[in-house]
1. On the basis of being assigned by TED's automatic domain parsing to the domain that holds Met31 and under 28 Å from Ile160 (Cβ atoms), does Ala136 make the cut?
2. Surrounded by 10 or more Cβ atoms within 10 Å (Cβ to Cβ), within 21 Å of Pro130 (Cβ to Cβ) and aromatic (Phe, Trp, Tyr) - does that describe any residue in segment 33-44?
3. Considering only segment 89-106, state which residues are surrounded by 15 or more Cβ atoms within 10 Å (Cβ to Cβ), under 21 Å from the mean Cα position of the chain (by Cα) and of a type outside the set (Phe, Trp, Tyr).
4. Taking strands (runs of 3 or more DSSP E) that fall entirely within segment 54-168, which contain at least 1 residues that are in contact with a Cys (Cβ under 9 Å, 6 or more places away or on another chain)?
Amino acid sequence: MTDFPEILTTCRFYLELKLDGSNDAIDGYFMDCSGFKSTQQVIEISEVTPQKWGKDGESQGRVVRTKIPGNVSYSNITLRRGLTCSMTLWNWIQAVQDGNWGKQQRDGSLVIYNQAAQEQFRFEFKRAWPTSYKIADVNAVGGDMEIEEIEVTVEELKRINVVTNDSN
């Protein structure tokens, strides 16, 4: 009997992002990420066939609708983390806003772990660049951690096969 694979939880993940001008090995210690979505456009084609149809097959030229796959698009990825003093993310945003977006595209990956802290799932994203940035509202009587949020657009998402001892 084969064991059922472990269901992965949403809280055991790591998002890796490396930016220029940083002294850190990795710039992505994020507490929340969302938007990993791939969508394939559907193209509907109408064709007229020589098929007979209608009452007693008197009509000729039946219209048949066929659906074929179109282009793939990817949703923007939203990343949230506790606000730090580091200027690295802001410098990346500024470089893109200054017109250097082509040179500022970055690759990264989302890794999800099992309860034994072993990598089980990996998504790689390619050619990401920031499209928006915000911080949470501030409040003099609040005690919450300040959160910064960055939204990045990606040109490619790819699921990578992770080889594990218990892969099925």
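1. Working: assigned by TED's automatic domain parsing to the domain that holds Met31: yes; under 28 Å from Ile160 (Cβ atoms): no.
No; evaluated as a whole, the condition is false for this residue.
2. Within segment 33-44 (the criterion being surrounded by 10 or more Cβ atoms within 10 Å (Cβ to Cβ), within 21 Å of Pro130 (Cβ to Cβ) and aromatic (Phe, Trp, Tyr)), the answer is yes, since at least one residue qualifies.
3. Leu89, Ile93, Val96, Gln104, Gln105, Arg106
4. Numbers: elements: 59-74, 77-82, 106-113, 119-135, 147-153, 156-160.
Filter on segment 54-168 gives 77-82, 106-113.
The values are calculated or read from the model by the stated rules, or taken from the named source; none is laboratory data. In this text, all values refer to a predicted model and were calculated from it rather than measured experimentally. Heads up, the Cβs are rebuilt from the backbone with ideal geometry, glycines too, and the neighbour counts pull from every protein chain shown.
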